[in-house]
């Protein structure tokens, strides 16, 4: 299976750009590996603290030189559906470790917030920053240096990227990500969206809206649309950090439990004490990162990963850019139609052939690197399989060769689109990204006057007041990471969708984020430089003509460019946006955070 030249070229550019930083990273990793786990080097007092709460057999094992100890980093809480299933995972993992003479300990917990709960609320300003908090919290747990390997229990938007950053910071030990799976299918996504729009138009009340939402989000597991949470799972599997076929198995099933047990055994079999040492820092290289990007594009995944993958790669000494993503998007076909890019949910995707089918199609067509290390062994070909649990035996069988639903999952030979679902936009307004996989072709070009808003509520109020009756491009600024933490503006989706359905040409331009479920309205997001840094978005005035062309990859101010760029940037007093719901604690983050095209990270 030979890799396509265009894919190899991007991979080679990342490798060349990252030569020094990657070498430094691997040198640090190898020095840590050579030092080994220091349980036996700890003072008696140190070690006694480390196993004080263990049972007698675990204490005896950890006091010796050879017993393996598995660290568990968990994002469990019982308020959020995606993380509630993790409640009994530590007990299951400890039991599985004991089966092979090892010990497992919960090394630490990390916060897990839900963008669905905080959408449109002040707490959303903490959302993106929570990724880096999670990375630091996981690092604190692993810093005790008691562990030969680690398993990471996390699933949703910022949790998995944060855990991945932490895992790569401790890249000298093996790491396996253990998902909990999606909830079963509830109210169809198109019906949920219909009710939301009716509510915005005042045609149904709050009771009807809450009933629809409750039927959509109805049980344990991730939300079933293809947003950031489920893009996370795709990413971990295609990068070789899950077990094959693990991503989309529902919680509370025998197969889910069998995969968790197998992940425990596998993590303990690839430590430095064995013959198959697989430190995670060597698993995640430039080829694995490109595989992840290809998977994101081929499935129309979350726009949030245009930042998260950059931050994850950076933790491994790899320098990835939006230009890399754009170059891949021009080559990678769209093979999945999962809401908001279609009507199906991830359960339908999984039933149609899921990750095994997708990976085989992309591998056979030359879009993925097969010559990679994974937690399951050498080569990505092992991930062209699906997990099955029959007669109390876990097996990995070849994925179906024919899609179970060609409207949901198709072949590389007959893709839904010849190019990927994400695009880079550039022009005299700066750089931004757009998700076009759910945007109809006739809506991908919008040339219209700007309407300026400094909050998403301001746009919604204008809609309710009947002020939005002609074509416009909404500019919602001072939403970037330095300004307020870069909240998602998904609350705008129903409003803009209604206006588009009424026949208006509408688009969104913002230095904030949209949900991983960005939908049918063209939205240029993550605008860089942001308004708080005096970027061109801060110079747009009410009524300025703008042109967003998603096909051409451009976003421009139309008019005298020299005069435009000479304008004094608009300013906004944001002090009132920096207090309440914990936002005052993140002042340091707002000062340190980097730009969106560099991952919006406080670490680099």
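The values are calculated or read from the model by the stated rules, or taken from the named source; none is laboratory data. All of these numbers come straight from a predicted model, not from anything done at the bench. Reconstructed Cβ throughout: ideal geometry from the backbone, glycine too, with neighbour counts over all protein chains shown.
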Review point. Which one of 601, 515, 538 is in contact with a helix residue (DSSP H, G or I) (Cβ under 6 Å, 6 or more places away or on another chain) and under 16 Å from residue 435 (Cβ atoms)?
Key: 515
Review point. So which of 498, 473, 434 is in contact (Cβ under 8 Å) with a residue 24 or more places away in the chain and either surrounded by fewer than 24 Cβ atoms within 10 Å (Cβ to Cβ) or part of a helix (DSSP H, G or I) (or both)?
Key: 498
Exercise for review: Check 295, 300, 274, 317 and return the single one that is buried (at least 24 other Cβ atoms within 10 Å of the Cβ) and out of contact with any helix residue (DSSP H, G or I) (no Cβ under 7 Å at 6 or more places or on another chain).
Suggested key: 300
Revision key, fill the gap. Per the list (1) within 30 Å of residue 191 (Cα to Cα); (2) in contact with a helix residue (DSSP H, G or I) (Cβ under 7 Å, 6 or more places away or on another chain); (3) surrounded by fewer than 24 Cβ atoms within 10 Å (Cβ to Cβ), residue check on residue 342 breaks on (2)
Point to revise | Selected residue [under 26 Å from residue 78 (Cβ atoms) and either part of a loop (DSSP other than H, G, I, E, B) or in contact with a helix residue (DSSP H, G or I) (Cβ under 9 Å, 6 or more places away or on another chain) (or both)] from 195, 176 | key: 176
Point to revise | Among the candidates 50, 71, residue that is in contact with a strand residue (DSSP E or B) (Cβ under 8 Å, 6 or more places away or on another chain) and touching a residue at least 12 places away in the same chain (Cβ under 8 Å) | key: 71
Exercise for review: Select from segment 83-120 the residues that are at pLDDT 95 or above, touching a helix residue (DSSP H, G or I) at 6+ places or on another chain (Cβ under 7 Å), part of a loop (DSSP other than H, G, I, E, B) and surrounded by 21 or more Cβ atoms within 10 Å (Cβ to Cβ) and list them in ascending order.
Suggested key: 102, 110, 112
Practice item. Would you confirm whether any residue within segment 345-367 is in the same structural domain as residue 230 (by TED's automatic domain parsing), surrounded by fewer than 21 Cβ atoms within 10 Å (Cβ to Cβ) and on the phi > 0 side of the Ramachandran plot? Key: yes
Check your understanding: Taking into account only those residues within segment 1-40 that are at pLDDT 95 or above and outside any helix (DSSP H, G or I), which is surrounded by the fewest Cβ atoms within 10 Å (Cβ to Cβ)?
Key -> 4
Check your understanding: Quick one: in segment 549-590, which of the residues that are part of a helix (DSSP H, G or I) and in contact (Cβ under 8 Å) with a residue 40 or more places away in the chain is farthest from residue 127 (Cα to Cα)?
Key -> 561
Practice item. Take residue 541 and decide whether it is more than 27 Å from residue 129 (Cα to Cα) and surrounded by fewer than 20 Cβ atoms within 10 Å (Cβ to Cβ). Key: yes
Check your understanding: Taking segment 367-391 on its own, how many of its residues are without any contact (Cβ under 8 Å) to a residue 40 or more places away in the chain and farther than 19 Å from residue 176 by Cα?
Key -> 2
Practice item. With respect to residue 412, determine if the residue is in contact with a helix residue (DSSP H, G or I) (Cβ under 8 Å, 6 or more places away or on another chain) and under 21 Å from residue 247 (Cβ atoms). Key: yes
Practice item. Evaluate the following for residue 253: is it crowded, with 24+ Cβ neighbours inside 10 Å and assigned by TED's automatic domain parsing to the domain that holds residue 156? Key: no
Review point. Among the residues of segment 74-94 satisfying the criterion of being more than 26 Å from the chain's Cα centre (by Cα) and without any contact (Cβ under 8 Å) to a residue 24 or more places away in the chain, which is farthest from residue 36 (Cα to Cα)?
Key: 91
**Study point:** From 129, 51, residue being surrounded by 16 or more Cβ atoms within 10 Å (Cβ to Cβ), touching a helix residue (DSSP H, G or I) at 6+ places or on another chain (Cβ under 9 Å) and modelled with pLDDT under 85
**Key:** 51
